[in-house]
Amino acid sequence: MRTHKGAEMKLHLSIGEITLKSLSVAQLKNIETMTNGEYRNLLIHLYGLDEETVDAMPAREWLLLAKATASYSMAIPLAEIKNFCAGEDGPLTPGAAPTAPIADA
């Protein structure tokens, strides 16, 4: 089985920088039978967060943390986990390329 030995991955969220942690094998086995609330409580405990902090997070960040944690625990390659965040930063790509000014005739 692949692992992330010595490899750390950090997520930069509105609540600060979070270093991903792995779930135990038992926790990982139980994810499929957990309710959303149970998984939420598991992540709150795993990362030492509180309810108020989690409630204040944007939903997309919470979903990113939840998905990245499960993937990290299953030893999904870090490059693939980083792709979860791809396109989140930076300005939007313009819809049309700017045109050059028309030269005087």
Please return the ranges of helices (runs of 4 or more DSSP H) entirely within the chain where 3 or more residues are among the small types (Gly, Ala, Ser) and at pLDDT 90 or above. 59-73
Can you find a residue in the range 24-35 that is touching a strand residue (DSSP E or B) at 6+ places or on another chain (Cβ under 9 Å) and either among the aliphatic types (A, V, I, L, M) or open to solvent by 60 Å² or more (accessible area, probe 1.4 Å) (or both)? no
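The values are calculated or read from the model by the stated rules, or taken from the named source; none is laboratory data. Since we're looking at a predicted model, the values are computed, not measured. With ideal geometry, Cβ positions are generated from the backbone for all residues, glycine too; neighbour counts draw on all protein chains shown. Please note that ligands, DNA and RNA were not included when accessible areas were found on the heavy atoms of the full protein model with its side chains. Shrake-Rupley method; radii C 1.70, N 1.55, O 1.52, S 1.80 Å.
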